[in-house]
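For reference, the structure discussed in these notes is given below.
The values are calculated or read from the model by the stated rules, or taken from the named source; none is laboratory data. Treat the numbers as computed from the prediction; the structure is a model and nothing was measured. So basically every Cβ, Gly included, is an ideal-geometry build from the backbone, and we count neighbours across all protein chains shown. Just the protein is used for accessible areas: all its heavy atoms, side chains included, with ligands, DNA and RNA removed. Shrake-Rupley method; radii C 1.70, N 1.55, O 1.52, S 1.80 Å.
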Amino acid sequence: MIIVTRKDVTQDEVDHIRERVEALGLRTHLSQGEHRTVIGCVGDEDRLQGVALLSIPGVEAVHAVLKPYKLASKEFAAGPTTMQLGDSVIGGPQVSIIAGPCSVEGWDMLLATANRVRDAGATGLRGGAFKPRTSPYAFRGLGEEGLEMLARVRGESGLPVVTEVMDTRQVELVASYADVLQIGARNMQNFALLTEVGRLRRPVLLKRGMSATVKDLLLAAEYVMSQGNPNVILCERGIRTFETATRNTFDLAAIPVLKSETHLPVFADPSHAGGRRSLVAPLSYAAIAAGADGLMVEVHPDPERATSDGDQSLDFQEFDTLMASLRPFVEAAGRTLAGRAAAT
């Protein structure tokens, strides 16, 4: 259930509304927008049935939220959720680009990649220190050594770091190095892990599972948010279907559907969606046109020698070209590019 306050509501009235609801054993979540304030009520809503909520000073309307995901639903917030990532704001009018290698392979390649993607306009550096691989014999990352490199590169380049956490036992370790914790497609329904990252205030980039529905993705976000962490970024990265022409089937329609269902920012991962570098640009254009708040792109200085996902990684020149060609699509969507690309 959500309580919508009047435009002229005072802070004392808001506090009184929350105290009245919480006295009945429910939790409240406050979302203050430019034109309205929404107070979400989570818990046994039957306890509110006999309460004359509309008679409480400052209350304008009361609405039931029928969707199974409450905190993530669009009705539960006064406006789009935004979060600061370095010098950019995710979820606002700008489109943000997070770029970098699939795996952290060494210091020189990581620093060179960070500097190059930053100069091209990226506002975040992605890189895997722990990698989930289908084969146990494939390269699975450098672990804490990779995290240390990411943190050092952040100091050198100024780019905030996005990296994956795969296990509840790794959460505190990864959070001590990373600015954004990524939950990969294989872990989207690892509910223990979702609960653990939800206990932190660190932003979480949540990738859609390979066979997950939009509802599944939003309920996974709900797990994180129910623990007190509202900073969730959803990421469409393609789903598994009978089609074999691409690595995954990019569900372009999921982006506008998510934008209509939730207040959370929505990213797209064109690299994993297509699985080939030639598809990264067209899928990026389509994602921005569909309303994506940002992109996550794999970039490597020498994709031919990459330890993982070389086929879908752009080299430096290809990434420069992509960033330059994104501008017309971003502008057509009524937005601007974040980062240095916005000023060039």
Selected residue [more than 21 Å from residue 237 (Cβ to Cβ) and of a type in the set (Asp, Glu)] from 311, 320: 320
Qualifying residue in segment 313-329 (condition: in contact with a Gly (Cβ under 6 Å, 6 or more places away or on another chain), outside any helix (DSSP H, G or I) and either open to solvent by less than 60 Å² (accessible area, probe 1.4 Å) or more than 23 Å from residue 92 (Cα to Cα) (or both)): no
Helices (runs of 4 or more DSSP H) within segment 195-294 that include 3 or more residues out of contact with any Gly (no Cβ under 8 Å at 6 or more places or on another chain): 214-226, 254-261, 277-289
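Considering every residue within segment 209-225, establish whether at least one is farther than 18 Å from residue 167 by Cα and touching a His at 6+ places or on another chain (Cβ under 9 Å).
Of segment 209-225, the ones farther than 18 Å from residue 167 by Cα are 210-219, 222, 225.
After this cut, where a residue has to be touching a His at 6+ places or on another chain (Cβ under 9 Å) as well, the list is 225.
Yes, segment 209-225 has at least one match.
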Pairs, first without any contact (Cβ under 8 Å) to a residue 12 or more places away in the chain in segment 78-89, second crowded, with 19+ Cβ neighbours inside 10 Å and outside any loop (DSSP other than H, G, I, E, B), C-beta under 9 Å, six or more apart: 84/90
Residues located in segment 23-64, provided they are open to solvent by 60 Å² or more (accessible area, probe 1.4 Å) and under 30 Å from the mean Cα position of the chain (by Cα): 27, 30, 32, 34, 35, 36, 44, 63, 64
Qualifying residue in segment 231-241 (condition: more than 18 Å from residue 269 (Cβ to Cβ), at pLDDT 95 or above and either basic (Lys, Arg) or open to solvent by 40 Å² or more (accessible area, probe 1.4 Å) (or both)): no
